Amino acid sequence: MLDGLISSTNAHFAAEERLLKRHGYPESDRHHAIHITMVDKVKDIQRQHSEGRLNLSLDTMKFLNDWITKPIMKTDKRHRSYLKSNGVS
């Protein structure tokens with residue numbers, strides 16, 4: 001599950017970052033840094049789990065999913081507004 005979460009998160013972040021850079025989103029560098037921090041945190045959890053230092057439960061997986069998707073939903077609204085105001089649909 002962690003591999004899937006990391007993979008889908010990376011794909012989403014990469015596509016979003018390309019779009020924002022292409023259209024001159026003023027906070028794209030800052031936003032990229034936030035993405036890196038989020039992915040690194042999940043990778044750290046994955047590493048701890050693979051080393052046997054962390055047990056994952058469904059509650060932990062739900063937390064991780066929410067921890068990533070809720071900020072995505074919030075910041076995507078700002079991006080959407082910016083992109084729409086610059087003629088991107």
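The values are calculated or read from the model by the stated rules, or taken from the named source; none is laboratory data. Note that the structure is predicted; figures quoted are calculated from it, not measured. Methodologically, a virtual Cβ is constructed for each residue, glycine included, from the backbone with ideal geometry; neighbour enumeration extends over all protein chains shown.
Note on the stretch 34-46: residues that are among the charged types (D, E, K, R) and surrounded by fewer than 12 Cβ atoms within 10 Å (Cβ to Cβ) total 2. Selection of first residues in the stretch 12-23 that are within 18 Å of ASN86 (Cα to Cα) and of second residues that are part of a helix (DSSP H, G or I) and among the hydrophobic types (A, V, I, L, M, F, W, C), restricted to Cβ pairs under 9 Å at least 6 apart or on distinct chains, gives the following pairs, ordered by first then second residue: GLU16/ILE72; LEU19/LEU83; LEU20/LEU83; HIS23/LEU83. Out of MET73, MET38, MET61, one residue alone is under 21 Å from ASP3 (Cβ atoms) and modelled with pLDDT under 80. It is MET61. When the residues of the stretch 18-33 are filtered to those that are part of a helix (DSSP H, G or I) and in contact with a Phe, Trp or Tyr (Cβ under 9 Å, 6 or more places away or on another chain), the one that is surrounded by the fewest Cβ atoms within 10 Å (Cβ to Cβ) is LEU19. Checked against the criterion of being out of contact with any Pro (no Cβ under 7 Å at 6 or more places or on another chain) and surrounded by 12 or more Cβ atoms within 10 Å (Cβ to Cβ), the candidates ASN10, ASN86, ASN55 yield just one match: ASN10.
Among the residues of the stretch 41-58, the ones that are of a type in the set (S, T, N, Q) and farther than 13 Å from ILE6 by Cβ come to 3 in all.
For the stretch 68-89, which positions are in a helix (DSSP H, G or I) and touching a residue at least 24 places away in the same chain (Cβ under 8 Å)?
Correct list: ILE68, PRO71, ILE72, THR75, ASP76, HIS79, TYR82, LEU83.
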